[in-house]
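Below you'll find the structure, written out as structure tokens, and then a few comments.
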Amino acid sequence: MTLSRSIHPDFRVLLDLKSKAVIDLFTDLRQYILELCPDANELLYHTHALTAVFSLSEKLSDAFCMLTIYTGHLNLGFNKGTLLHDPHGLLTGTGNLIRHIDVAQSSDYRNASVKALVQEAIQQARKDMEKPSKSTGKTISKIRKS
């Protein structure tokens, strides 16, 4: 399947500084998340890392997962990971809520266990939303240009 959305130019400039392997992995994982939740908004950040956050609204508080890009790998993070049913012990981290899966290859996420985690995170985010979103399926850059 082709990408349902192009990568935002603000993000693309920074992504292109990464290795081809990391770019390819990010592109595939992003597509995987968008296939599972096509109406998700994608909020883009560049702080300590390059991050794409997937939210059911324009707000970070309605996010269900994030893709954080490091030099040689990615993290598939879950904003409320400690609340997810994780029978296979895939989630790691020590925060109060956030948990993540280290991603070095597509088999780290293209499997039934991770799909179930993503789907549960989406359901949890829908349940926790205070108001329905005014926009869906958008990419919103929060990247500050120098």
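Each residue in segment 20-53 was checked for being of a type in the set (Phe, Trp, Tyr) and closer than 16 Å to Tyr109 by Cα, and 2 of them qualify. Taking segment 41-55 as the range and being of a type in the set (A, V, I, L, M, F, W, C) and modelled with pLDDT of 95 or more as the test, the residues that pass are Leu43, Leu44, Leu50, Ala52, Val53, Phe54.
All but one of (1) in contact (Cβ under 8 Å) with a residue 60 or more places away in the chain; (2) more than 18 Å from Ala116 (Cα to Cα); (3) in a helix (DSSP H, G or I); (4) in contact with a Ser or Thr (Cβ under 9 Å, 6 or more places away or on another chain) hold for Asp28, so report the exception by its number. It is condition (2) that Asp28 fails. Would you call Ile122 touching a helix residue (DSSP H, G or I) at 6+ places or on another chain (Cβ under 9 Å), surrounded by 13 or more Cβ atoms within 10 Å (Cβ to Cβ), β-branched (Val, Ile, Thr) and more than 29 Å from Leu17 (Cβ to Cβ)? Yes, satisfied. Only residues that are crowded, with 16+ Cβ neighbours inside 10 Å, touching a Lys or Arg at 6+ places or on another chain (Cβ under 9 Å) and not acidic (Asp, Glu) were counted across segment 2-35, and they come to 6. Pairs meeting the criteria (first residue in segment 77-101 and touching a residue at least 24 places away in the same chain (Cβ under 8 Å), second residue assigned to a strand (DSSP E or B) and exposed (fewer than 15 other Cβ atoms within 10 Å of the Cβ), beta carbons under 7 Å, at least 6 apart or on different chains) are His100/Thr92. Met129 satisfies every condition listed in (1) surrounded by 14 or more Cβ atoms within 10 Å (Cβ to Cβ); (2) under 16 Å from the mean Cα position of the chain (by Cα) except (2).
Among the conditions (1) surrounded by fewer than 18 Cβ atoms within 10 Å (Cβ to Cβ); (2) under 22 Å from Met129 (Cβ atoms), the only one that Leu67 does not satisfy is (1). As a summary of the residue check, Ile7 satisfies the conditions (1) assigned to a strand (DSSP E or B); (2) within 25 Å of Ser107 (Cβ to Cβ); (3) not charged (D, E, K, R) except for the one numbered (1).
The values are calculated or read from the model by the stated rules, or taken from the named source; none is laboratory data. Keep in mind the model is a prediction, meaning the values are calculated, not measured. Neighbour counts run over all protein chains shown; Cβ positions are idealised from the backbone, glycine included.
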